[in-house]
Amino acid sequence: MQNLKPFDPDEIDETLTRVVVHGEKAYLLFPFIDGRNAPPRFTSVSHVIAGPTATVADFSALSALVKQAGETAVWFMSFNTPWLLSVSTAGEIKIKGLQGRTERR
């Protein structure tokens, strides 16, 4: 896992979520990979919303739920996929520093 960078659940926006209607309810979903156990598992955190579109308040509520889900773990982002990793695994990961572009010749 060489592409991980730290992720703050307060940065959740429409690019990282999906709205799903099931039955008579609409849900704002935050899909992620739970890497706390082997093998990693694809899962999501959801928040019931009123209507087919999410509001700023819905995103705030979802962010709070995501923070709660990761209270004993660490959130990372790999490309555009959120990962939840155990604290011990997160401690073993070396975060790649930002590298400047090389000069073209």
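The values are calculated or read from the model by the stated rules, or taken from the named source; none is laboratory data. As the structure is a computational prediction, the values presented were derived from the model and not from experiment. Virtual Cβ from ideal backbone geometry, glycine too; neighbours counted across all protein chains shown.
In the stretch 33-53, the residue that is farthest from THR81 (Cα to Cα) out of those that are of a type outside the set (A, V, I, L, M) and in a loop (DSSP other than H, G, I, E, B) is GLY51. Looking only at the stretch 1-50, residues that are touching a Phe, Trp or Tyr at 6+ places or on another chain (Cβ under 9 Å) and aromatic (Phe, Trp, Tyr) come to 3 in all. Scan the stretch 4-18 and give yes if some residue there is over 25 Å from VAL87 (Cβ atoms) and part of a strand (DSSP E or B), otherwise no. So far as the stretch 4-18 goes, yes, one or more of its residues are over 25 Å from VAL87 (Cβ atoms) and part of a strand (DSSP E or B). Residues that are part of a strand (DSSP E or B), of a type outside the set (D, E, K, R) and within 10 Å of the chain's Cα centre (by Cα) do not occur anywhere in the stretch 55-72. Kindly indicate whether any position in the stretch 67-88 is of a type in the set (S, T, N, Q) and modelled with pLDDT of 95 or more. No, the conditions are met nowhere in the stretch 67-88.
Just to be sure I understand the filter: pairs with C-beta atoms under 6 Å, separated by 6 or more residues or on different chains, first member in the stretch 54-77 and within 13 Å of LEU16 (Cβ to Cβ), second member among the aliphatic types (A, V, I, L, M) and loosely packed, with under 14 Cβ neighbours inside 10 Å. Which pairs pass? Going by the 6 Å Cβ cut-off, there are no qualifying pairs. Residues in the stretch 23-56 that are loosely packed, with under 12 Cβ neighbours inside 10 Å and within 13 Å of ILE12 (Cβ to Cβ): 1 in all.
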